[in-house]
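To start, the structure under review is shown below, and the notes come after it.
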Amino acid sequence: MTRIAVVGSYGVGLTFGVDRAPERGETLVGSLFRTDHGGKGSNQAVGAARLGAGVTFLTAVGEDAFGDGAFELWAEEAVDASAVLRAPLPTMTAAILVEESGDNRIVIVPGALSALTPAHVDAFAAQIEAADVLLVQLEIPVDTALHALEVGRAAGVRTILNPAPAPASPIAPAADYLTPNESEALAVEDAQGTLVVTLGDQGARLRGAHIPAFPTTPVDTTGAGDAFCAAFAVALAEGAPDAEAVRRGCAAGAHMVEHEGVIAGMPTRAQLEERLAVAAA
């Protein structure tokens, strides 16, 4: 079994369906409301586990009902959450507006994630060192995320930074791979590592080469980047060439956008292989 260590976020997504995003000062009547597990770190950890990897996860959640629900999710999805910190703060929450077109707008309140420090990463070092790939995102404090990358690189572990959300100021992290979207790429222009830019329904760009998207009919684009990162990380851990790992990431993203809800849309290994097989036929 390949091993993925994830250092990132868990949060609860409160999703509101609307025909369009409201203008300033405008109130709209929505078409749906849903509460979902979220957080880029947790999403990617679950995605990697669904694809058959052994996953260890470091994050912070509150001492509240949302935090309790997080541990239930990880137990169901076979994600090792034994290192997760419980802090006396609210679990991270995100408000997600999903338009009829499938586009989304998201506001995040970090809460307990602000308590996750480099010292917690040091306590997680053994899990990082035992991994084939370390996957990190930026919904946690940036210094904690960058420290996790340093620990991984010092241990000779292949590292991936998903620089999302984009930091307020540009950063120059050292990671083997970076997986921004087009807007996030501007914040990591000086980073060291292979840049894999996700392009939504246009696929992805690897070292200037375009890798096309898979045909799909979007329902909800929330979580597409997380599905991409999970599949990309697992493929690299299994020894796939970079271009094939990106292609598998694009296939996972295509599967995700056909579903409402991130956890529901994360493909299993069988679902991913089926989409790849259809595309190859």
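Among the residues examined, G47 does not qualify as open to solvent by less than 10 Å² (accessible area, probe 1.4 Å), part of a strand (DSSP E or B) and either among the small types (G, A, S) or closer than 25 Å to A230 by Cα (or both).
Being of a type in the set (A, V, I, L, M, F, W, C) and either closer than 28 Å to T194 by Cβ or surrounded by fewer than 21 Cβ atoms within 10 Å (Cβ to Cβ) (or both) is a property that does not hold for A112.
Looking at A126, A94, A81, can you tell me which residue is exposed (fewer than 15 other Cβ atoms within 10 Å of the Cβ), under 29 Å from V234 (Cβ atoms) and among the aliphatic types (A, V, I, L, M)?
A126
Checked across segment 137-144, the condition of being among the polar types (S, T, N, Q) and buried (at least 18 other Cβ atoms within 10 Å of the Cβ) holds for at least one residue. Scanning segment 147-204 for residues that are open to solvent by 50 Å² or more (accessible area, probe 1.4 Å), of a type in the set (A, V, I, L, M) and closer than 21 Å to A251 by Cβ returns a single hit, L195.
When the residues of segment 67-78 are filtered to those that are open to solvent by 10 Å² or more (accessible area, probe 1.4 Å) and aliphatic (A, V, I, L, M), the one that is farthest from the chain's Cα centre (by Cα) is A75. I'd like the full set of residues that are under 13 Å from G111 (Cβ atoms) and assigned to a loop (DSSP other than H, G, I, E, B), limited to segment 67-97. Correct list: P88, L89, P90, T91.
Where helices (runs of 4 or more DSSP H) fall wholly inside segment 170-281, the ranges with 2 or more residues that are at pLDDT below 90 are 269-280.
Each row is one residue, and each column tells you yes or no for (1) modelled with pLDDT of 95 or more; (2) within 19 Å of the chain's Cα centre (by Cα).
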position	(1), (2)
A87	yes, no
A94	no, yes
I108	no, yes
V121	yes, yes
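When you check E76 against the structure, is it over 22 Å from A175 (Cα atoms), of a type in the set (D, E) and either modelled with pLDDT of 95 or more or in contact with a Ser or Thr (Cβ under 8 Å, 6 or more places away or on another chain) (or both), yes or no?
On the way: over 22 Å from A175 (Cα atoms): yes; of a type in the set (D, E): yes; either modelled with pLDDT of 95 or more or in contact with a Ser or Thr (Cβ under 8 Å, 6 or more places away or on another chain) (or both): yes.
Here the answer is yes, as E76 does meet what is asked.
Scanning segment 1-15 for residues that are open to solvent by 10 Å² or more (accessible area, probe 1.4 Å) and within 15 Å of L58 (Cβ to Cβ) yields one hit, R3.
Of all residues in segment 50-66, those being in a helix (DSSP H, G or I) and surrounded by fewer than 24 Cβ atoms within 10 Å (Cβ to Cβ) number 2.
Taking the criterion of being of a type in the set (A, V, I, L, M) and open to solvent by less than 10 Å² (accessible area, probe 1.4 Å), would at least one residue in segment 27-37 satisfy it? No, segment 27-37 has no match at all.
The values are calculated or read from the model by the stated rules, or taken from the named source; none is laboratory data. No experiment lies behind these values; they were computed from the predicted model shown. Glycine gets a Cβ as well: all are built from the backbone with ideal geometry, and neighbour counts include every protein chain shown. Heads up: the accessible areas ignore ligands, DNA and RNA and are worked out on the full protein's heavy atoms, side chains in. Shrake-Rupley method; radii C 1.70, N 1.55, O 1.52, S 1.80 Å.
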